[in-house]
Amino acid sequence: MKKKCKGIIFDMDNTLLRSNIDFSSMKNDTFQFLVSKGIVSKEINIAEQTTSTIIDSAIRSNLMTEALIKEMWDIPKKYEINGMKDAVLEKGAKELLMELQEDFHLVVVTNNSVHAAEKALQENHIFHYFDCLVGREMMNTLKPASDGFNYVLNQYKTTSPEEWISVGDSWIDGKASMAAGILFISYNGDAEKMDKMDIRPTARIQELREIINFLK
């Protein structure tokens, strides 16, 4: 028997906020930096990677000094700051959050830094709707690893994974959610990419308000 939903985990970029982060250039610049330092192989097929998976490979190599790690993180941080400057809300986001806030735990899990995420949510006047914001500083490994989702479950120890759903636009959101045992809803996601990465969402939606159909 399905348990009643108690909480919703949202991705941020292109789920709650329509940002202008150049993810392709972010990934390429991060990759080229790590190749130039001899940390990752130039033979990696980056078409099948994200910035977060490339960074994870670099950190797991045990070749990174503290100085290199800082220099590496400065690359995505630059793109995040620039891309979030004029971020606007996804259609219906604020209205949905207003409706849900009294009855559900509302959480954001993002690979962005906590500072960048909080600033963007504040500027769009929706930060106060969330009980918890989980950024990359709170994860050992970024999405598609499940660290961020596990962090949430540890904050709400009286709930189980079956009492949560997550919503995101990317396959990495789906993989992280599924690894934590949480049902995943794809919001305007790339169905072909998700199929290729073996991500099977519980549902695919085009409007955020459709989430309500899965909360009963």
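Numerical summary
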quantity: Enumeration of residues in the range 47-91 that are in contact with a Phe, Trp or Tyr (Cβ under 9 Å, 6 or more places away or on another chain) and over 13 Å from residue 34 (Cβ atoms); calculated: 50, 79, 83, 90
quantity: Tabulated pairs, the range 9-37, first closer than 30 Å to residue 132 by Cβ, second small (Gly, Ala, Ser) and modelled with pLDDT of 95 or more, C-beta under 6 angstrom, 6+ apart or interchain; calculated: 9/166; 11/168; 15/168; 16/93
quantity: Filter result (touching a Lys or Arg at 6+ places or on another chain (Cβ under 9 Å), crowded, with 18+ Cβ neighbours inside 10 Å and over 19 Å from residue 172 (Cα atoms)) within the range 51-88; calculated: 64, 72, 84, 87
quantity: Any hit, the range 76-96, residues being assigned to a loop (DSSP other than H, G, I, E, B), of a type in the set (A, V, I, L, M, F, W, C) and more than 16 Å from residue 135 (Cβ to Cβ); calculated: no
quantity: Selection within the range 97-143 - in a strand (DSSP E or B), surrounded by fewer than 21 Cβ atoms within 10 Å (Cβ to Cβ) and within 16 Å of the chain's Cα centre (by Cα); calculated: 106, 132, 133
quantity: Selection from the range 92-116 of residues that are more than 15 Å from residue 168 (Cβ to Cβ) and among the β-branched types (Val, Ile, Thr); calculated: 114
quantity: Tabulated pairs, the range 59-84, first over 12 Å from residue 40 (Cβ atoms), second in a helix (DSSP H, G or I) and among the polar types (S, T, N, Q), C-beta under 8 angstrom, 6+ apart or interchain; calculated: 75/30; 76/30; 76/51; 79/25
quantity: Cβ pairs under 7 Å, 6+ apart, first in the range 189-216 and more than 19 Å from residue 8 (Cβ to Cβ), second of a type in the set (D, E, K, R) and surrounded by 15 or more Cβ atoms within 10 Å (Cβ to Cβ); calculated: 197/175
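The values are calculated or read from the model by the stated rules, or taken from the named source; none is laboratory data. In this text the structure is predicted, and so the values were computed from the model without any measurement. Here Cβ is always computed from backbone atoms with ideal geometry, including for glycine, and neighbour counts include all displayed protein chains.
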